[in-house]
Every structure is written in structure tokens, then in C-alpha cells.
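Worksheet for the structure shown next.
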Amino acid sequence: MRIRFALIITSFLISSSAAQAEVIRLTEDGTNKRDPRFIEKGKTLVFCYDEGPDLIRMLRMDMKTRKSEPVFRDSGNRHNLEPSFSVDGKFVAFTQCTGNLTARLVIRNQESKAEAYVTHSGRGGTRSPVISPDGKQVVYAFAERGPQQLWSVDTAGKNKKQLTQCSGISNWPTFTPDGKTIVFSNSRENNYELYAMAADGSSERRLTENTIMDIRPAVSPDGSQIAFVSTRSGSYNVFVMNIDGTNDRQIVDGSAKDD
């Protein structure tokens, strides 16, 4: 995911009435960037970048000075990516590569530096962790048996539960601000559509009806709208819609891949 995409999404979420979003370039070093996340009320941007051909690092950027530093000083040569921070900043959940095509979920207590590791049987890796607004639950994607499903654990890495049991690949879960609903993408229709369900995995409903890919949903702070990436216009562009899937519209238009 490019840093440009993060700023477009964030400027929309701050002002949900905006029809278009200003594009602001933050980096000039030419390296690949991904997984941007604003924390500390927008004062800090956390993102991952390719430090080398075989190493992904996680950095934090001060939005005032635009200076960056490592999130973890003790990561060694481990790939850390896809971070999600709790609202109070106490926990961060992220994917850590452990080998060729394998990865585990790490939940780190920022105060004690203690880490909980979540693994599954079979070969593969966790994807797209997100911490619930109350800081008690981590939802993520993993393909243990059959297609990739959504799972949840507590912040100690315990009480593992499978939330979805459906065909197709489920990915990119995100919570509504009240923590009652999870919005995610699934490929059961032979293309990715957006769905919503209760936080316990019940009451699933489909939000988009589209023959092209809709992915990476993000819910606005007031819970009224969803921003997402779609290829329905011929390229990867950013769209928004109401929380119930109505009134979808494109807010970024260009040939660049905003994903």
C-alpha cells in the first residue's frame, strides 16, 4: 500500500463531506512503502518500507517534522509489517515473517515489551491484523484449512475463535468505531466484494455488488461511511460509500495504483 493512499484516506476520514482529497507526498527516497497507519490522533504516521531486498522495516514519522525512526529497536533481521495499534497505544499487533511463505501474528505490549505469538497448524501466514476499538480483541486472516478465514484472539493471544466459515478468501477486516461490526472483503463471487458482520461473526450482509475488485475497507471515525480501494474505474482508485453500502462514489481519479 502506498503512502499516497494513506493520506487520501485520512483526509477523507477527517472530513467525510469532502468530495476530493488533496494528495500530499511525504517521502522522496524511492523505496517501496506499505501499510500506513495514523496513530496518536494523527500526529504520527507508522508505515513499513523495504530497507533492502530481503528486509521489511516498520518506521514512525512525526507529521510535523517529517522525520522517521524505527518503531522497534530490537527487531533484528525479522520482517515486521501490517501494524495495528490499540486506541490507547498500549498494544500493537503485526505480522512477522518467520520463513519462506510463513508468518505469525505478534501482539506486543508497548509498556512491558512482552510479546504474544499466535500460530496455526498448516503452512502459511497470518494477514491483516486489526485491534478492536476497546483494545480487547485482535481480528486477522489465516487459511488453516481450506480458504482464508477471519479469526480472533484476545490481546494475550488466547481464546482463538474462527469468525467466518465461508467460501472464497476473506481479508482486510476493520471495525466500526463502536466495535460492534467488522467490515471485510471476500472473494466468494470470483472477485472481491465488501461484507459486514457482527463482531462475533454472526449476521453477515453483503455491501457491494460489483464485477470488479473492492478491497481494503476503512470505516470513518463517526461510523457513517467506508473508504475502500476498487478497480471498477480501470485502475486502483479510492472510493467511499455509506456504511450500508449505498451512495458509492470515487474520490481519487488517476492511472497510478492507489493500493
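A few points about this structure:
Yes/no matrix, rows are residues, columns are (1) modelled with pLDDT under 85; (2) small (Gly, Ala, Ser); (3) touching a helix residue (DSSP H, G or I) at 6+ places or on another chain (Cβ under 9 Å); (4) within 21 Å of residue 110 (Cβ to Cβ):
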position: 13; (1), (2), (3), (4): yes, no, no, no
position: 18; (1), (2), (3), (4): yes, yes, yes, no
position: 41; (1), (2), (3), (4): no, no, no, yes
position: 46; (1), (2), (3), (4): no, no, no, yes
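- Only one of the numbered conditions (1) within 19 Å of residue 82 (Cβ to Cβ); (2) within 16 Å of the chain's Cα centre (by Cα); (3) part of a loop (DSSP other than H, G, I, E, B) is violated by residue 179, and that is (1).
- Restricting the stretch 159-176 to residues that are part of a strand (DSSP E or B) and touching a Phe, Trp or Tyr at 6+ places or on another chain (Cβ under 8 Å), the residue that is farthest from residue 108 (Cα to Cα): 170
- Reported count of residues in the stretch 182-216, each being part of a loop (DSSP other than H, G, I, E, B) and of a type in the set (Gly, Ala, Ser), is 5.
- Note on the stretch 117-163: residues that are aromatic (Phe, Trp, Tyr) and surrounded by fewer than 19 Cβ atoms within 10 Å (Cβ to Cβ) amount to 1.
- Residue match in the stretch 101-111 (condition: assigned to a loop (DSSP other than H, G, I, E, B), in contact (Cβ under 8 Å) with a residue 24 or more places away in the chain, out of contact with any strand residue (DSSP E or B) (no Cβ under 8 Å at 6 or more places or on another chain) and among the charged types (D, E, K, R)): no
- Scanning the stretch 164-215 for residues being surrounded by fewer than 17 Cβ atoms within 10 Å (Cβ to Cβ) and touching a Leu at 6+ places or on another chain (Cβ under 8 Å) gives a total of 2.
This table checks each residue for (1) at pLDDT 95 or above; (2) of a type in the set (A, V, I, L, M, F, W, C).
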{"residue": "162", "(1), (2)": "yes, no"}
{"residue": "180", "(1), (2)": "yes, no"}
{"residue": "196", "(1), (2)": "yes, yes"}
{"residue": "206", "(1), (2)": "yes, no"}
{"residue": "211", "(1), (2)": "no, no"}
{"residue": "251", "(1), (2)": "no, yes"}
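- Given (1) modelled with pLDDT of 85 or more; (2) of a type outside the set (Val, Ile, Thr); (3) out of contact with any helix residue (DSSP H, G or I) (no Cβ under 7 Å at 6 or more places or on another chain), number of the condition residue 52 does not satisfy: (1)
- Qualifying residue in the stretch 151-158 (condition: hydrophobic (A, V, I, L, M, F, W, C), more than 26 Å from residue 220 (Cβ to Cβ) and in a loop (DSSP other than H, G, I, E, B)): yes
The values are calculated or read from the model by the stated rules, or taken from the named source; none is laboratory data. Just so you know, these numbers come straight off a predicted model, no measurement behind them. All Cβ positions, even for glycine, are placed from backbone atoms using ideal geometry, and neighbour counts span all protein chains on display.
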